[in-house]
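So the structure is just underneath, and the comments pick up after that.
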Amino acid sequence: MQQTDTAQTKPFDGLNVADISGTVATSYACKLFADYGASVTNVEPAQGFPTRQLKPLLPKAQGGETLSAMHGYLHCNKASVVGNHYDLTAEPAVIQADLIVYDPATLPSTTSLSGIHANTCAISWFGLSGPYTKYQGSDGVIQALTGLMKGIGEEDGPPIIPNGVQAQIVGGLSAFNGALGHLLGQLMGNLTQPFALDNSIFEANMCLTDLMAINAFNENPLPPRMGINKFPPTYPLGIWPCKDGWLGVTTLTPGQWRSFCELLSLDEFIDVDFFNASVNRLASADLLEPAIIEALASYSAEALFHKGQAIRIPLARVPTMEELFSVDQYVSRQAFSSISMDDTTFLAPSIPFRLFATPPHFGGRVAALGEDNPAMTEAKV
């Protein structure tokens, strides 16, 4: 179903949010509020938020300097003011805010939020307490310390670091959920005083270690890495080449394994009871994999994706980045939206959840640095 942005009331209409740090995590948390109608103001330093320099960079339509597509994605439908960073608490956008979102590492020494009578949401790498609270973080640092890297890579090779800013996005999403829960508590009358929320990106990403962490915490030995396309607790579980691209394969149950064998005409394995157990298939991966690779090479990944899903096998074609924009599921749900930034327009992911009675903003415009200073000055007067 095609969804379109409307002028109707949105869930967060009337909620004033101030982002005074502009990290990826604070920006993403505030983006989710803005997408559903909150009035979000970026209180930026003279040089702008650090997100304005993040890659990928896009050329302006009229030439000249480049623009950060990441900044555009994170800051659609927000206001921008250049603030007095000697004392951010004196800024009108901060004074009027129902919620102030910040990373304590970015605050100037002259700014303190301790006397602010407003809801605050801190998003930092390691939280506001503990021995790591002053440590520098990055996505790589978080993925290393959570143990996520340890399970990725060749059997005898080094851990592999994933690319991107996923850890910060997860941290921002976690902070949004926490702030939303506290705002709901105030609305219900359960919280009568402003809250101070402490969000750790490190702890938010611990959820990604799931089974590995549970095993380790309970002193169960972790299985060693088995190499590419060999992951506990089942087999096949991985990505293999087909004649027109790559196919993601997961078979968990005996029924899925049997259907997978029938789909690829792997008749020699269908009636072998030993292979009905996922742990046995994993232990026999060196025997099964050559047959799977040979069979997949003669099929279309696109065709197998749809045929497999029709018989309840979790298969997925792996699209290229260019192909993502034309994936029918994404097109149907308007998963990518048009963003206007200066004189440049590009597509970026839409919000990850939907309220159909009150749809979010799909795309929109990105404010230039300090664009809303005049309006804020008038409001102050």
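Filter segment 112-147 for residues that are outside any helix (DSSP H, G or I), aliphatic (A, V, I, L, M) and farther than 19 Å from Q193 by Cβ and give the result. If you could, list the steps in order and put the result at the bottom.
Taking segment 112-147 as the starting set, the residues that turn out to be outside any helix (DSSP H, G or I) are 112-138, 146-147.
Checking which are aliphatic (A, V, I, L, M) leaves us with 113, 116, 118, 122-123, 128.
Across segment 112-147, the qualifying residue is only I123.
Quick one: in segment 181-195, of everything that is small (G, A, S) and assigned to a helix (DSSP H, G or I), which residue is nearest to the chain's Cα centre (by Cα)?
Just the residues of segment 181-195 that are small (G, A, S), to begin with: 181, 185, 189.
Checking which are assigned to a helix (DSSP H, G or I) leaves us with 181, 185.
Values: G181: 19, G185: 25 Å.
Result: G181.
Which one of these does V331 not meet: (1) closer than 30 Å to S68 by Cα; (2) outside any helix (DSSP H, G or I); (3) β-branched (V, I, T)?
Going through (1) closer than 30 Å to S68 by Cα; (2) outside any helix (DSSP H, G or I); (3) β-branched (V, I, T) one by one, V331 breaks only (2).
Quick one: what pairs do we get from segment 331-343, first residue farther than 20 Å from F353 by Cβ and in contact (Cβ under 8 Å) with a residue 60 or more places away in the chain, second of a type in the set (D, E, K, R) and in a strand (DSSP E or B), C-beta under 9 Å, 6+ apart or different chains?
That search, which allows pairs on different chains as well, returns M341/R365.
So if I check each of V331, V366, which one is surrounded by 12 or more Cβ atoms within 10 Å (Cβ to Cβ), outside the structural domain of E91 (by TED's automatic domain parsing) and either over 19 Å from the mean Cα position of the chain (by Cα) or among the charged types (D, E, K, R) (or both)?
Values: V366 fails: outside the structural domain of E91 (by TED's automatic domain parsing).
Step by step, each of V331, V366 is checked, and only V331 is surrounded by 12 or more Cβ atoms within 10 Å (Cβ to Cβ), outside the structural domain of E91 (by TED's automatic domain parsing) and either over 19 Å from the mean Cα position of the chain (by Cα) or among the charged types (D, E, K, R) (or both).
Answer with yes or no whether P352 is buried (at least 17 other Cβ atoms within 10 Å of the Cβ) and either in the same structural domain as V272 (by TED's automatic domain parsing) or out of contact with any helix residue (DSSP H, G or I) (no Cβ under 7 Å at 6 or more places or on another chain) (or both).
Values: buried (at least 17 other Cβ atoms within 10 Å of the Cβ): no; either in the same structural domain as V272 (by TED's automatic domain parsing) or out of contact with any helix residue (DSSP H, G or I) (no Cβ under 7 Å at 6 or more places or on another chain) (or both): yes.
So P352 fails the test.
Please pick out the residue among D286, D343, D372 that is more than 21 Å from the chain's Cα centre (by Cα), of a type in the set (D, E), assigned by TED's automatic domain parsing to the domain that holds I95 and farther than 30 Å from A90 by Cβ. Talk me through it step by step, then tell me what you get.
Working: D286 fails: assigned by TED's automatic domain parsing to the domain that holds I95; D372 fails: farther than 30 Å from A90 by Cβ.
Unique residue meeting the criteria: D343.
May I ask you to verify whether Y73 is at pLDDT below 95 and of a type in the set (S, T, Y)?
Values: at pLDDT below 95: no; of a type in the set (S, T, Y): yes.
No: the conditions fail for Y73.
With a cut-off of at least 2 residues that are closer than 20 Å to I152 by Cα and not small (G, A, S), name the helices (runs of 4 or more DSSP H) lying wholly within segment 230-322. Talk me through it step by step, then tell me what you get.
Values: elements: 254-263, 267-270, 278-283, 285-296, 301-310.
By residue number, 278-283, 285-296.
Filter segment 321-344 down to the residues that are of a type in the set (V, I, T) and closer than 20 Å to S27 by Cβ and list them by number.
Residues of segment 321-344 that are of a type in the set (V, I, T), as a first pass: 327, 331, 339, 344.
Answer for segment 321-344, where residues must be of a type in the set (V, I, T) and closer than 20 Å to S27 by Cβ: I339, T344.
Only one residue in K78, K55, K31, K60 is farther than 17 Å from A179 by Cα, touching a Leu at 6+ places or on another chain (Cβ under 8 Å), assigned by TED's automatic domain parsing to the domain that holds W125 and of a type in the set (D, E, K, R), so which one is that? Give the derivation first.
Working: K78 fails: touching a Leu at 6+ places or on another chain (Cβ under 8 Å); K55 fails: touching a Leu at 6+ places or on another chain (Cβ under 8 Å); K31 fails: farther than 17 Å from A179 by Cα.
K60 is the lone residue from the list that is farther than 17 Å from A179 by Cα, touching a Leu at 6+ places or on another chain (Cβ under 8 Å), assigned by TED's automatic domain parsing to the domain that holds W125 and of a type in the set (D, E, K, R).
If I ask for residues that are among the polar types (S, T, N, Q) and at pLDDT 95 or above, which ones from segment 161-185 would you list? Show your work before the answer.
First, pick out the residues of segment 161-185 that are among the polar types (S, T, N, Q): 163, 166, 168, 174, 177.
Within segment 161-185, Q168, S174, N177 qualify.
A quick yes/no check of all residues on (1) out of contact with any helix residue (DSSP H, G or I) (no Cβ under 8 Å at 6 or more places or on another chain); (2) farther than 24 Å from S200 by Cβ; (3) free of Cβ contacts under 8 Å to residues at least 12 places away in the same chain:
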{"position": "T66", "(1), (2), (3)": "yes, yes, yes"}
{"position": "M70", "(1), (2), (3)": "no, no, no"}
{"position": "V81", "(1), (2), (3)": "no, yes, no"}
{"position": "S109", "(1), (2), (3)": "yes, no, yes"}
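Give the residues of segment 184-198 that are farther than 21 Å from P104 by Cβ and surrounded by 13 or more Cβ atoms within 10 Å (Cβ to Cβ), sorted by residue number. Lay out the reasoning, then the answer.
Going residue by residue through segment 184-198, those that are farther than 21 Å from P104 by Cβ are 184-192.
Across segment 184-198, the qualifying residues are G185, Q186, L191.
Just one of (1) under 15 Å from W240 (Cα atoms); (2) among the hydroxyl-bearing types (S, T, Y); (3) at pLDDT 95 or above trips up S340, so point out which.
It is condition (1) that S340 fails.
How many residues are modelled with pLDDT under 95 and either over 28 Å from the mean Cα position of the chain (by Cα) or within 15 Å of T23 (Cβ to Cβ) (or both) if we restrict to segment 114-137?
Summing the residues that are modelled with pLDDT under 95 and either over 28 Å from the mean Cα position of the chain (by Cα) or within 15 Å of T23 (Cβ to Cβ) (or both) in segment 114-137 gives 4.
The values are calculated or read from the model by the stated rules, or taken from the named source; none is laboratory data. Keep in mind that this is a model prediction, so the values were computed, not measured. Note: ideal-geometry Cβ built from the backbone for every residue, glycine included; neighbour counts use all protein chains shown.
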